[in-house]
Amino acid sequence: MKIVLYIIWTLFAAAAAAACILSLRKTKAQERRIDGWPKVQVTVTGGREGWTSGVGNTNRNRRYWPTYQFTGPQGVLYLGESEVSLVERPVPGSVLEVAYNAENPEESFEVAHPSKLLLGCLAPFFGLFALASFWFIGVFPLG
């Protein structure tokens with residue numbers, strides 16, 4: 001019976017590690033992509049409302065994605081929406097830092113990286129949880 005628990009533990013640990021690695025690779029790829037792009041201060045014009053998914057038996061929470069505008073190199077006004085959600089409603093007129101593609105200024109991303117902080121917290125949590133569950137399987141009385 002313990003072998004089944006160890007197999008389940010191994011699958012969980014592998015899935016958690018794979019999810020962390022894929023998330024980190026995606027974040028690094030986007031960082032490398034926007035590294036050479038010009039940065040500009042944009043003006044928040046409002047925000048789109050939405051809800052968190054409520055996955056993992058958590059409550060759904062209201063989130064806001066700021067919408068913004070900025071003037072490109074040729075004086076053309078461009079609009080965008082941040083991929084970084086906020087708990088508070090964005091204040092129109094506030095400022096964000098955005099990197100935009102000089103060849104296609106309609107493509108822009110907020111320069112904030114909150115996913116790095118989240119990943120930095122989740123990776124040690126999953127590691128400690130995996131070690132604790134491995135220890136628990138060893139001392140769990142089956143019989």
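Of the residues contained in segment 67-90, none is found to be aromatic (Phe, Trp, Tyr), exposed (fewer than 11 other Cβ atoms within 10 Å of the Cβ) and either at pLDDT 90 or above or more than 20 Å from the chain's Cα centre (by Cα) (or both). For Lys28, the test of being closer than 24 Å to Glu103 by Cβ, at pLDDT below 85, basic (Lys, Arg) and exposed (fewer than 15 other Cβ atoms within 10 Å of the Cβ) is passed. Checked against (1) surrounded by fewer than 14 Cβ atoms within 10 Å (Cβ to Cβ); (2) within 19 Å of the chain's Cα centre (by Cα); (3) among the aliphatic types (A, V, I, L, M), Leu128 passes all but a single condition, namely (2).
Give the residues of segment 57-110 that are in contact (Cβ under 8 Å) with a residue 40 or more places away in the chain, under 15 Å from Ile34 (Cα atoms) and in a loop (DSSP other than H, G, I, E, B), sorted by residue number. Once the filter is applied, which keeps residues that are in contact (Cβ under 8 Å) with a residue 40 or more places away in the chain, under 15 Å from Ile34 (Cα atoms) and in a loop (DSSP other than H, G, I, E, B), segment 57-110 yields Asn101, Ala102.
The values are calculated or read from the model by the stated rules, or taken from the named source; none is laboratory data. Bear in mind the structure is a predicted one, so any value in this text is a computation, not a measurement. Note that each Cβ is placed from the backbone with ideal geometry, even for glycine, and that neighbours are counted across all protein chains shown.
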